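Single-structure report; data block below.
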Amino acid sequence: MMRWFGTRWVLILTLLFGSTLFFLIPASALFAAVDPDKGAARTGWNEGVDYLAAMLASGGTSFDIQKVSGLLDFVVSAKGGDANLDPGKRENATGAYFFSDIKAPLSKVVKYAYNPKIPAYVTLPSVVRFGGWQVKPTGPFDNLWERVGDVKDPLIIRGVEYEEITPDQTTGAYYRYDMDRFMVLLNHRGKDFFLSVTRQKKPSTVGRKGVIIGPDTDWNYFYSGQKGLSKAGLGWVSSYMYDAFSVTILFEPGTSKAQTRYVTFKWLRAGWGGMNMVKRENIVEGCKRFALGFKRILESTQLPEAERLIDMYAGIISLSDQELIMRLQPIGKALKKLYRTDPALSHGNFQEMIESGRYLGGMSREERENLLMSEYVKLAIGKTSFLDRLP
């Protein structure tokens, strides 16, 4: 308990609330990607994926559980955890299959990761910079986690989101795009399942140069706003995410309700000049990156209660522009030290952006809110943040 009053908590209290004190309420298991097997049978799961894709596009309000029974039976079976599955291509997009186990009950995962009052990047710090709803969800979304364990008829939620991702580990590029999302909570053979289906609506914005500062597991990133790739020799490339489609399934594999399994089928088409440069291993690595961050947040014993995160976020968005900029000043100081020593920030233009104050000064209101909230979450669970790098 005494560590709460150390340097890190002085920093976070000053950063977020000045002299207003508050108390937080404290609240790596398996992840795997199967190797490709071109001969793997698709009949067990493919009909369900096709049906979910059709439901996403149709806007239908009724749901036929029988259409996804093969898919759900597959993911709970030994084959879903151990089979060598290559989902193949879908509309010229590269496919991959992945699963991860999280030490948290399904209701908790839904409460944190699918809560309209908690930004998605809070539980997805390694892959999502920020995002939100362009079209607010329809259906029983506000307290969906309360329905886990008491599902009778399928509960359907729909919406349209925008999302900007963190810099890619290989190219450094980051993108923004819109996507339709279809979610359903249902019970099949006595087990609750939460399904989330997304489809990118159109090609993303052009890729922009980003930087991963230090280890990627620290979730510290730099966003230049400049078109191109950060990878040497490819700064001129205009790249895009052309299309992405995913089916995610969450369920409790055992009877103890202490663990949730995350399963995803994902197809991605991205590159430049209209060419798809994505390989299956690229998607797998991205899924591993997602899982490590997702698990680190949800399995943390220091994770604040969801209500505390909601209050924190509400407090941040209520700050005036001047107050928000003031709270970010320690991060600006840390960046000015970092660019002198971190090779990822050695690009001359990046250094000038930081030194002149154009980097933080040029951020949008949403980008500043995201940065402040992200730093709060990192500090709350004991992660290395920009503030740990202060002179």
- Tell me, yes or no, whether the range 334-346 has at least one residue that is farther than 30 Å from SER239 by Cα and either small (Gly, Ala, Ser) or in contact with a Leu (Cβ under 6 Å, 6 or more places away or on another chain) (or both). yes
- Query: Yes or no: VAL128 more than 23 Å from LYS257 (Cβ to Cβ) and touching a helix residue (DSSP H, G or I) at 6+ places or on another chain (Cβ under 9 Å)?
  - Reply: yes
- Given the structure, is PHE251 within 28 Å of LYS103 (Cβ to Cβ) and surrounded by 16 or more Cβ atoms within 10 Å (Cβ to Cβ)? yes
- Considering residues that are outside any loop (DSSP other than H, G, I, E, B) and over 26 Å from the mean Cα position of the chain (by Cα), the number found within the range 344-360 is 9
- Query: Can ARG327 be described as open to solvent by 20 Å² or more (accessible area, probe 1.4 Å) and either modelled with pLDDT of 95 or more or among the polar types (S, T, N, Q) (or both)?
  - Reply: no
- Query: In the range 74-97, which residues are open to solvent by 50 Å² or more (accessible area, probe 1.4 Å) and either among the hydrophobic types (A, V, I, L, M, F, W, C) or under 20 Å from HIS188 (Cβ atoms) (or both)?
  - Reply: VAL76, ALA78, LYS79
- Note on the structure: (1) farther than 21 Å from ALA120 by Cβ; (2) surrounded by 15 or more Cβ atoms within 10 Å (Cβ to Cβ) all hold for ILE316 apart from (1)
- When you go through VAL211, VAL278 one by one, which is the residue that is buried (at least 18 other Cβ atoms within 10 Å of the Cβ) and within 26 Å of TYR51 (Cβ to Cβ)? VAL278
- Within the range 214-235, residues being of a type in the set (A, V, I, L, M, F, W, C) and within 25 Å of MET363 (Cβ to Cβ) number 3
- Task: Name every residue in the range 98-142 that is of a type in the set (D, E, K, R) and either more than 24 Å from ARG158 (Cβ to Cβ) or open to solvent by less than 30 Å² (accessible area, probe 1.4 Å) (or both), in order of residue number.
- Result: ASP101, LYS103, ARG129
- Note on the structure: Note on the range 327-343: residues part of a loop (DSSP other than H, G, I, E, B) and within 19 Å of LYS209 (Cβ to Cβ) are TYR339, ASP342
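The values are calculated or read from the model by the stated rules, or taken from the named source; none is laboratory data. Small disclaimer: the values here were computed from a predicted structure and weren't measured. All Cβ positions, even for glycine, are placed from backbone atoms using ideal geometry, and neighbour counts span all protein chains on display. Protein only, heavy atoms only, side chains kept; ligands, DNA and RNA dropped before computing areas. Shrake-Rupley method; radii C 1.70, N 1.55, O 1.52, S 1.80 Å.
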